[in-house]
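Q: The structure that follows is given in the form of structure tokens.
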Amino acid sequence: MNKNKFADPVFPVYIMIGLRIFVFILGVFFDISPTLVGGMWVLVFVFFSCWGFYCMKSNRHNNKPMKKRLFETLVSDIMADPFFSDYKFKKSDNMLYRCDGGSRICIKLPHWRDYGECRIRVLYGRRFEILTRWFEKFSCLTLRDQRSNDNVIHSNTYYGLDDDIYFDYNFSDYDKKVRKFIPMLKENLTNFLKKYSTLEDFYNVDVLPVITNDKELPDGGAEWIFIYLTLGFLVDKDNYPTLKKKILERVEWMHGRNEPNVAHYYDRMDEIISYMEENVRL
């Protein structure tokens, strides 16, 4: 918090009220002309208005570094842990990441101000390049957005935790919370990577249950269509025709509901899938 009372925007108001009373007393008891009293009041008002404006501006500038320091300090403390020694931080995406062969492993930390606290949402993701790189020429997204997206992503709720973590911008609870926050990241990311270690793992967890009717396909979006098809085509050729049939049926159902994401690709669906089948290989 700003401990300098002279930079408190309320402080000049108290001083101005006191001087206004003082000027009034001068005018009443010392027979000063109303014009002079009015002039003194105008000068007092202008001076302290400028002071108040300066204080508010100063406080705004003082708060910005504090916001910046909190998240930067948190990232620095995370990166200092040996567990994250191979990770880099991409500031534009608020993402810690490392490359592992043909894939990217990441923790994303989108954050925003919420009633004086920094609210952080933790997301664990993995992107297998072979599943999406071929699709770049067809996607309606920008190249940057495509490459920042993950094939699979989990939030803290998947691990039975609150979706968001809160830190006080004044660091009042920082040491206590960061001692819990970093071990939580390590444990959840470790469990996430065990579950999605390979393409086969990804397929067995998220796609095979669709074929066995133990899981429903998504009912929105579009990119998953091509990720799932590519995954099935590469990992399980025998069941690929069944998967393809189920996915195309879902595409028709979504298109009938005017799903906007599907509309971008609907007329080229056969062309896109044929390109994948002819060009993508392990």
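Nothing in this text is a laboratory measurement; each read-out follows from the coordinates by a stated rule. All values derive from a computational prediction rather than experimental measurement. Note that we place each Cβ from the backbone using ideal geometry, even for glycine, and neighbour counts take in every protein chain shown.
Q: Where does the charge balance sit around Thr132 when Lys and Arg score +1, Asp and Glu -1, over other residues with C-beta under 12 Å from its C-beta?
A: Result for the neighbourhood of Thr132: +1.
Q: Could you work out the relative contact order of segment 165-282, using alpha carbon pairs under 8 angstrom and six or more residues apart, expressed as a whole percent?
A: 21
Q: From the cross-link list Lys88/Lys237; Lys137/Lys186; Lys137/Lys245; Lys108/Lys180, which pairs have alpha carbons spaced over 29 Å apart?
A: Lys88/Lys237; Lys137/Lys186
Q: What is the sum of charges, Lys and Arg at +1 and Asp and Glu at -1, for the other residues whose Cβ falls under 14 Å from the Cβ of Phe192?
A: So the surrounding residues net to +3.
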